[in-house]
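The values are calculated or read from the model by the stated rules, or taken from the named source; none is laboratory data. Just so we're clear, the structure is a prediction, and the values are computed from it rather than from any experiment. So basically every Cβ, Gly included, is an ideal-geometry build from the backbone, and we count neighbours across all protein chains shown.
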Amino acid sequence: MRFTYLLFLVFLFSRAPAQYFPSPTEWQQRTAAEAGFTDAGLDSVVQFAINNEYSGQRDLRLAILEGFSREPGHTLRGPTKERGEPAGMIIKDGYLVTSWGYTDRVDMTFSVTKSYLSTTAGLALDDGLIHSVDDLVSEYVWDGTFDGQHNGQITWEHLLQQTSDWSGTLFGLEDWTDRPDPDGTYDSWKNRELHVPGTHFKYNDVRVNVLAYSLLQVWRLPLPQVLKERIMDPIGASTTWRWHGYDDSWVELDGLRMQSVSGGGHHGGGLFISTEDHARLGLLFARRGNWNGEQLISERWVDMIRTPAAANASYGYMWWLNAGDRAWEGVPDHVYYAAGFGGNFIVVDEELDLVVVTRWLEPSEIGPFMRRVYAAL
């Protein structure tokens, strides 16, 4: 009897449908009903995204300069691009359920870039180029970037969780000029008290770019090349995306000139990419780093990115967590997401095999938007 039961289980699971992955040229679609949604609910989601377009300028040069105008000496140092209209995709069980806008249009994506940067760190850990996220970065980057009592305490985890409080100047940008305390003064910003690494969270693009520079030192290859060969090509992404740094963020490594890319579009630059390519990355993480049977990045890393910072329960390894002060009410707490200026989001729900990409949504409306997505199920 036991043997017969085991044969039945083998038969049952052998007939279970394989997970669907889109090919590089085709993304199969399912109806709302087939995917477990209501038509009315999905229509409400799409209309909400269209009706709540980001209120900033479509000319992103102006949007950036206006958005960060209070920062001392803020300028554009990398490329920009006029943005498109709202766009998005909802993927369930790998299938496209609905979309809106021009999903193949390449746009700036600002701090969503940080989650791609985090991915190159995970690959370095998988390959043994970084032994542990608890290692001091100064053990790997010894050109002076992490000299001194304060910077010498910084680990890879501190950089990934934006709790390093790294102090210095990188490519002509001083760390204290990025998002300074609105209640402070020029003198208090410049002469601020340093926090012990790991104890204070501060969203700061100069320090993110220090991570990108440090990973370039470890890989000894341009990070866009690493991302393309290890992640984007295997998941069938297009060849239209670009990852830029700044005009002056070029360095020489092993006799070759390489650009240290930026982790966002704070000064221009960062990742320029389509909604469809975003959705592919989201699906890779929803499938725990596995793409059609090939483990592109370890499951260990997929779990690690959701390690909350001690100083901010809402932030992991350059992915936001639906927890802490920034939690979206009415949305499952296992959800995590990439987020960028102007309302760019990749939302991952591994448990439901659900990926949502929305672009140019008024940032304050992402919580209500996601509640509508779950209400449509």
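Looking only at residues in the range 203-256 that are of a type in the set (Lys, Arg) and surrounded by fewer than 21 Cβ atoms within 10 Å (Cβ to Cβ), the one that is nearest to SER138 (Cα to Cα) is ARG220.
For the range 361-374, check the following and say yes or no: at least one residue is farther than 17 Å from ALA87 by Cα, in contact (Cβ under 8 Å) with a residue 24 or more places away in the chain and crowded, with 20+ Cβ neighbours inside 10 Å. No, there is no match, as no residue in the range 361-374 is farther than 17 Å from ALA87 by Cα, in contact (Cβ under 8 Å) with a residue 24 or more places away in the chain and crowded, with 20+ Cβ neighbours inside 10 Å.
Of all residues in the range 143-198, those satisfying the criterion of being surrounded by 15 or more Cβ atoms within 10 Å (Cβ to Cβ) and of a type in the set (Phe, Trp, Tyr) are PHE146, TRP156, TRP166, PHE171, TRP176, TRP189. Quick one: ILE346 ticks every box in (1) crowded, with 21+ Cβ neighbours inside 10 Å; (2) farther than 23 Å from SER262 by Cβ; (3) touching a His at 6+ places or on another chain (Cβ under 8 Å) bar one, so which box is it? It is condition (2) that ILE346 fails. Among residues of the range 179-222 being over 15 Å from PHE146 (Cβ atoms), modelled with pLDDT of 90 or more and of a type in the set (Phe, Trp, Tyr), the one that is nearest to the chain's Cα centre (by Cα) is TYR203.
For the residues ASP43, ASP135, the requirement of being under 25 Å from SER364 (Cα atoms) and among the charged types (D, E, K, R) singles out ASP43.
Among the residues of the range 20-68, write down those that are under 23 Å from the mean Cα position of the chain (by Cα), closer than 27 Å to GLU294 by Cβ and surrounded by 14 or more Cβ atoms within 10 Å (Cβ to Cβ). Matches in the range 20-68: PHE21, PRO22, TRP27. Is it the case that the range 280-293 has a residue that's in contact with a Ser or Thr (Cβ under 6 Å, 6 or more places away or on another chain), in contact (Cβ under 8 Å) with a residue 24 or more places away in the chain and not in a loop (DSSP other than H, G, I, E, B)? Checked the range 280-293: no residue is in contact with a Ser or Thr (Cβ under 6 Å, 6 or more places away or on another chain), in contact (Cβ under 8 Å) with a residue 24 or more places away in the chain and not in a loop (DSSP other than H, G, I, E, B).
Would you confirm whether any residue within the range 250-273 is over 21 Å from VAL206 (Cα atoms) and in contact (Cβ under 8 Å) with a residue 60 or more places away in the chain? Within the range 250-273, one or more residues are over 21 Å from VAL206 (Cα atoms) and in contact (Cβ under 8 Å) with a residue 60 or more places away in the chain. For the range 286-303, the set of residues classified as under 21 Å from GLU157 (Cα atoms), surrounded by fewer than 18 Cβ atoms within 10 Å (Cβ to Cβ) and either of a type outside the set (D, E, K, R) or at pLDDT below 95 (or both) consists of SER298 only. Beta carbons closer than 6 Å, at least 6 apart along the sequence or on distinct chains, pair a first residue in the range 206-226 that is in contact (Cβ under 8 Å) with a residue 12 or more places away in the chain with a second that is among the β-branched types (Val, Ile, Thr) and surrounded by fewer than 23 Cβ atoms within 10 Å (Cβ to Cβ) for SER214/VAL141; GLN217/VAL141; TRP219/VAL226. Filtered by the rule that a residue be outside any loop (DSSP other than H, G, I, E, B) and of a type in the set (Val, Ile, Thr), the range 191-231 gives VAL206, VAL208, VAL210, VAL218, VAL226, ILE231. Out of the residues in the range 69-106 meeting the condition of being in a strand (DSSP E or B) and among the aromatic types (Phe, Trp, Tyr), tell me which one is surrounded by the most Cβ atoms within 10 Å (Cβ to Cβ). Restricting to residues being in a strand (DSSP E or B) and among the aromatic types (Phe, Trp, Tyr), the top hit is TRP100.
To keep it simple, each residue is scored yes or no on (1) among the hydroxyl-bearing types (Ser, Thr, Tyr); (2) out of contact with any Gly (no Cβ under 9 Å at 6 or more places or on another chain); (3) within 27 Å of LEU284 (Cβ to Cβ).
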| position | (1), (2), (3) |
| --- | --- |
| TYR102 | yes, no, yes |
| MET108 | no, no, yes |
| ASN151 | no, no, no |
| LEU159 | no, yes, yes |
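When the range 309-338 is filtered for residues that are surrounded by fewer than 21 Cβ atoms within 10 Å (Cβ to Cβ) and in contact (Cβ under 8 Å) with a residue 60 or more places away in the chain, the ones remaining, listed by number, are ALA310, ALA311.
Count, please, the residues in the range 126-139 that happen to be in a helix (DSSP H, G or I) and touching a Phe, Trp or Tyr at 6+ places or on another chain (Cβ under 8 Å). Residues flagged as in a helix (DSSP H, G or I) and touching a Phe, Trp or Tyr at 6+ places or on another chain (Cβ under 8 Å) within the range 126-139 amount to 3.
Just a yes or no: is a residue in the range 140-155 within 23 Å of the chain's Cα centre (by Cα) and either outside any loop (DSSP other than H, G, I, E, B) or under 20 Å from VAL218 (Cα atoms) (or both)? Checked against the condition, which is being within 23 Å of the chain's Cα centre (by Cα) and either outside any loop (DSSP other than H, G, I, E, B) or under 20 Å from VAL218 (Cα atoms) (or both), the range 140-155 yields at least one hit. You will find that of THR177, THR103, the residue that is farther than 30 Å from ARG288 by Cα, touching a helix residue (DSSP H, G or I) at 6+ places or on another chain (Cβ under 9 Å) and not small (Gly, Ala, Ser) is THR177 and no other.
Comparison of THR120, THR109 shows that the only residue that is surrounded by 22 or more Cβ atoms within 10 Å (Cβ to Cβ), within 21 Å of TRP250 (Cβ to Cβ), within 17 Å of the chain's Cα centre (by Cα) and modelled with pLDDT of 95 or more is THR120.
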